[in-house]
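Q: Encoded as structure tokens, here's the structure I'll be asking about.
The values are calculated or read from the model by the stated rules, or taken from the named source; none is laboratory data. Computed from a prediction, not measured in an experiment: that's the story for all the values here. Reconstructed Cβ throughout: ideal geometry from the backbone, glycine too, with neighbour counts over all protein chains shown. These accessible areas exclude ligands, DNA and RNA; they are computed on the full protein's heavy atoms, side chains included. Shrake-Rupley method; radii C 1.70, N 1.55, O 1.52, S 1.80 Å.
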Amino acid sequence: MRHIVALLTKFTMLIGVLYISLTVFFGVSFLNVLGIALLLTIVGYALGDLFILKRFGNVIATMADAGLTFLAAWFLADVFIDTPANQFYAGVSAAAITAIGEFVFHMFIQALRPLKPTQNTYNLNYGTEFGEELSPRQDDNEDNK
């Protein structure tokens, strides 16, 4: 169930990003944006979110997803956009906006992932060498003597 929620969230985000960067600025049709978003969702989720995010962290996974979006928008825009300079700028704008969205999306994915029962979520090692002298209970111990 969490994979379905994650895929739908990623697909929705990519539709918005690609609509802004390709349709509004460069006139690519919305149907083509849906196809590119579907392709990027499947490949990006399998490669970036399930493999790279687990092993290398959020920053590397964000860079990988932004790079994938850049390449896909650049190469697939060749069919839809006439001038090569506009194809490059379409890829750059799509990758830049996607990087922001993917960074937040990866935090969402990590929040959906359940913690392992053996994983220590709290680090309570705050003791110091002189912690006993600064203990707030020291005064209580002297009063009880």
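Q: Report the extension gain between Phe88 and Ile4 in nm, rounded to one decimal, defined as 0.36 nm multiplied by the number of residues separating them, less their alpha carbon distance.
A: 27.0 nm
Q: What dipole magnitude, in Debye to the nearest 20, does segment 3-104 give about its Cα centre under +1 on Lys/Arg Cβ and -1 on Asp/Glu Cβ? Could the numbers behind the result be given before it?
A: Details: 3 positive and 5 negative charges, 54 e Å.
Charge dipole, segment 3-104, about its Cα centre: 260 debye, nearest 20.
Q: I'd like the distance between the alpha-carbon centres of segment 14-37 and segment 49-89, rounded to an integer number of Å.
A: 14
Q: Let me ask another. Which percent of the accessible area of segment 9-60 is formed by carbon and sulfur heavy atoms (probe 1.4 angstrom)?
A: Answer for segment 9-60: carbon and sulfur cover 77 percent of the accessible area.
Q: Report the calculated FRET efficiency for Leu47 and Phe25 (r = Cβ-Cβ distance, R0 = 30 Å), to the nearest 0.05.
A: Efficiency, from the Cβ-Cβ distance: 0.65.
Q: Return the Rg/Rh value of segment 1-113, two decimal places, where both radii are evaluated on C-alpha atoms and Rh is the Kirkwood radius.
A: We get a ratio of 0.98 for segment 1-113.
Q: Additional query: What base-10 log of the normalised intensity I(q)/I(0) is obtained for segment 1-64 from the Debye formula, alpha carbons as equal point scatterers, at q = 0.17, 0.19, 0.28, 0.29 Å⁻¹?
A: The Cα Debye sum returns log10 ratios of -0.62, -0.73, -1.12, -1.15.
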